[in-house]
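Read the structure below first, then the notes.
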Amino acid sequence: MDAVDGDGRTALMAAASSNDMEVMSLLLADGADVNARDNQGMTAILAAVAGNSRDAMLLLANKGADVNIASVDGLTPLMTAVLIGADDVVSLLIAKGADVNKIDVNGRSPLMMAAIVGHADCARLLIDRGADTSLKDIKGRTAHMIADQNGNQQIMTLLDQPPGNPNQGQSI
């Protein structure tokens with residue numbers, strides 16, 4: 001059940017990436033390691049989120065998968081969800097304890113990643129859940145600077161609003 005292929009991927013990772021809930025349930029019932037890593041540090045929950053599989057992510061989180069686990073480049077499930085714009089998965093991961101201020105190997109937070117790709121709904125969720133807007137990456141850039149560099153006006157507008165602004169969670 002925890003046998004691996006040449007890249008270190010387990011059957012649970014493969015099932016999670018293809019959203020095969022039946023196989024995942026069987027593997028988990030047989031004791032598959034929910035936090036096993038492949039050669040790149042990928043885990044089943046990272047694979048589920050990368051495949052935008054809300055149900056697979058929830059099943060794994062409910063079975064003890066670490067929602068703050070990171071790949072070798074420091075990408076967490078939350079960062080991955082932000083990058084693909086899966087705001088429902090972002091919200092669920094935060095509810096399951098995902099760290100909104102965890103950084104990758106380049107010092108980028110999930111909010112900075114939203115600023116890079118322009119996912120304003122994800123940025124709004126992160127800000128509403130306490131993301132630190134003053135964090136700087138290894139190049140000394142804040143999320144606001146990154147949004148500006150990438151032309152993401154909606155995110156810049158969100159970041160320009162004072163903390164606790166009652167309009168911050170509203171559509172722009």
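The values are calculated or read from the model by the stated rules, or taken from the named source; none is laboratory data. Just so we're clear, the structure is a prediction, and the values are computed from it rather than from any experiment. Heads up, the Cβs are rebuilt from the backbone with ideal geometry, glycines too, and the neighbour counts pull from every protein chain shown.
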Residue that is nearest to the chain's Cα centre (by Cα), among those in the stretch 42-66 that are under 23 Å from ASP128 (Cα atoms) and either crowded, with 21+ Cβ neighbours inside 10 Å or not hydrophobic (A, V, I, L, M, F, W, C) (or both): VAL49
Test: residue in the stretch 115-124 that is touching a Lys or Arg at 6+ places or on another chain (Cβ under 6 Å), modelled with pLDDT of 95 or more and either surrounded by fewer than 16 Cβ atoms within 10 Å (Cβ to Cβ) or not in a loop (DSSP other than H, G, I, E, B) (or both): no
